[in-house]
Every structure is written in C-alpha cells, then in structure tokens.
Amino acid sequence: MANIALRNATGLEPTMACPEEHGELEQLAELLKSATADLNSPCRLKLVAPDGQSVELPESVFHLIQRVVPHLRRGQAVVTIPLHTELTTQEAADLLNVSRPFLIGLLDRQEIPYVKTGTHRRIRFDDLIAYMRIRDTSRRQALDRLTRLSQEYGLDAYED
C-alpha cells in the first residue's frame, strides 16, 4: 500500500528486479562487496555505455547502489524519494502504517511538523523520517527497560 502512495506523491514507479536479473544482481553484490573490502583505497566504479563510453560513478551514486542492490536481490521493490517531497496525510499515514485519523492526532499535537496548502495538510518526507527515528528509538528504549525489569524480577519468558 505504501508503494502506491509513494508513486502518487513522487510520480515515480517502484522498481523491482525480475527473476531473470537475479544472477546479475548476485554478481553486482559481489562486485560491490569486493570494491569496499579495502577500506584504505577509495572505490571508483565505472559505468560503461553500449558504445564503450564510460564515466566514473560519483561516490554518492555508489552508496545509493550499495543500499538498493540488497533489497532488489531479496525481491523487494524500491522507490527513491527526495527528502523535500511533501506527502498528503494519507500517504504519510500509509508510510507510518497508521490510520489517517491517528496521523491527524499526531499533527494536532505537533509531534510531526506540517504545512498547509489551502485547506490540506502536507508533511515533508524528511520530517516524517525524523519522527519515525524518534518513535523507533523510544520504542527500543521502552523494550530495553521492560527486558531489564523482567530479568530483575526473574520473569524470563522462556522458562520450562
């Protein structure tokens, strides 16, 4: 569902590898792995066109490829979104995997910044990502506290 929302927000279609590309993705993953094995030497990969013309990939493009290839290998669809993209409340709710009314509550409590375009609220993608990081950190800390308390009181869930 989030892929559909993102496609509408950015005009970009999700990219997914077809089964015939699996072998090439495996080779690319190995190439990327070997290219980053030597941390002392900078990695400079080249893109070669069918006519033989080549260009070195900028480091930013190299890092983007490093992040995308593992997902494509696992059969996952990938979408690239500029951080400044503004999302509708429904698109943001879909990304958070919450209902739109729940998201509206977060906006009303000013937990996520937004701007108004006429009568519509828009959430910047980078603000949504920042909220998700804070939320995830808070959840991890709460789980760590619960785990510690459970251990202190001898409430191990895996006892016989």
Taking trypsin sites (Lys or Arg not before Pro) that fall in a DSSP loop and have at most 14 other Cβ atoms within 10 Å as cut points, what is the longest piece of the chain between them?
110-160
R67-R139 FRET efficiency (beta carbon distance; Förster radius 25 Å; 0.05 resolution)
0.60
Where the only charges are on Cβ atoms (+1 Lys, Arg; -1 Asp, Glu), what is the dipole of region 86-152 about its Cα centre, to the nearest 20 debye?
100
Sparse-neighbour loop sites [GluC sites (Glu not before Pro); region 47-150; at most 16 other C-beta within 10 Å; DSSP]
E111
Dividing the mean separation of Cα pairs under 8 Å (6+ apart) by the residue count of region 40-93 yields a relative contact order in percent of 19
Hey, can you grab everything whose amide H is under 5 Å from the amide H of L87? Only 5+ residues off in sequence or another chain; H modelled, so Pro and N-termini drop out.
I123, R124, F125
For the chain, return all DSSP H helices satisfying: extent of Cα atoms along own axis at least 24 Å; mean Kyte-Doolittle hydropathy at least 1.6.
none
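Every number here is computed from the coordinates shown, using simple stated rules; none is lab data. Just so we're clear, the structure is a prediction, and the values are computed from it rather than from any experiment. So basically every Cβ, Gly included, is an ideal-geometry build from the backbone, and we count neighbours across all protein chains shown.
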